[in-house]
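The values are calculated or read from the model by the stated rules, or taken from the named source; none is laboratory data. Since the structure is predicted, the reported quantities are computational estimates derived from the model, not experimental observations. Because the Cβ atoms are built from the backbone with ideal geometry, glycine has one as well, and the counts that use them run over all protein chains shown. All accessible areas refer to the heavy atoms of the entire protein, side chains included, with ligands and DNA or RNA removed. Shrake-Rupley method; radii C 1.70, N 1.55, O 1.52, S 1.80 Å.
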Amino acid sequence: MKKWTGYALCGFVAFLLLFVPTGNAAAAGTGGYVGIFGGYTMPDDLEVSGGSAGSGDLSLDSGYVAGLKAGYIPPQMQYFAVEFEYFYTSNDFENQAVGGSRINDGDITTNNFFLNALLRYPVNWFQPYVGLGIGWSWGETSGSGTGSLARILNQSSNDFAWQFLIGADFVFHPQWAIDVGYRYVQCSYGFDNGDGDLTNHMITVGLKYRF
């Protein structure tokens, strides 16, 4: 999974570089904005350690993310933006044997709230950005299985989370933009029967309205 994630990130960066504009088709835009987004998630293995569940890595299928956000670009600092967002993710477990444990169908879902700080380049219709976010994530596992590792299933936990973002706004109207981005999200959940470290790579597409 990590190999294919690297290929996806390299391809995304190459895509952004191909679309560096030469014209001046859109204003920079400042003030408030709201947006919605969704996309494709490519998680690393769920790393289980400690507690009665023991240790092991559970393979996760690719899944989806859906969310919304609200942000602000100060008129005096148009190269900076701050935003608050919520998003939901879902990734399935595969049928798999890990050590002496057997994991049947299941999933891990998360509800996430983040505060992001973005550095942006507000020139032309192509406006790239990079940012960091801190927040809180609520994770829940479901499913069935046998063996010690199955004790991580049907658990819920919440903990500190952080993310790295890179992407670009494609402005097609002074008040509207399409947001294409990549994000790396990490959280370590302290479940009752063991810790679960979840790292998720996401490719997202969204729509922003500036006001």
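Figures for the structure shown
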| quantity | calculated |
| --- | --- |
| Vicinal HN-Hα couplings computed from phi for region 143-150 (Karplus, 6.51 cos²θ - 1.76 cosθ + 1.60; Hz; Gly/Pro x) | x, 9, x, 10, x, 4, 5, 5 |
| Cleavage-rule hits (GluC sites (Glu not before Pro)) in region 71-152: DSSP loop, at most 13 neighbouring Cβ within 10 angstrom | Glu94 |
| Distance between modelled label sites at Val205 and Leu119, nm, 7 Å Cα→Cβ extension | 2.9 |
| Whole-percent carbon and sulfur share, accessible surface of the chain, 1.4 Å | 62 |
| Dipole moment magnitude, nearest 20 debye, the chain about Cα centre, only Lys, Arg, Asp, Glu C-beta charged | 780 |
| For region 121-211, size of Cβ-based charge dipole, Lys and Arg +1, Asp and Glu -1, in debye | 300 |
| Computed E for Trp162/Asn111 - FRET, C-beta separation, R0 22 angstrom, nearest 0.05 | 0.90 |
| Total formal charge among the other residues, if their Cβ is under 13 angstrom from that of Leu153, Lys/Arg +1 and Asp/Glu -1 | -3 |
| Rounded tilt (10° steps) of 2-18 against the dominant C-alpha axis of the chain | 10 |
| Residue-normalised accessible area of the chain, given per residue in Å² at a 1.4 Å probe | 47 |
| Structure-derived P(r) over Cα pairs in 5 Å bins from 0, in percent: which label, when the choices are (i) 1, 7, 16, 20, 21, 17, 10, 5, 2, 1, 0; (ii) 1, 7, 15, 18, 16, 13, 10, 7, 5, 4, 2, 1, 0; (iii) 1, 6, 11, 13, 11, 9, 8, 7, 6, 5, 5, 4, 4, 3, 2, 1, 1, 0, 0, 0, 0, 0, 0, 0 | (ii) |
| The chain: relative contact order as a whole-number percent, Cα under 8 Å and 6+ apart | 23 |
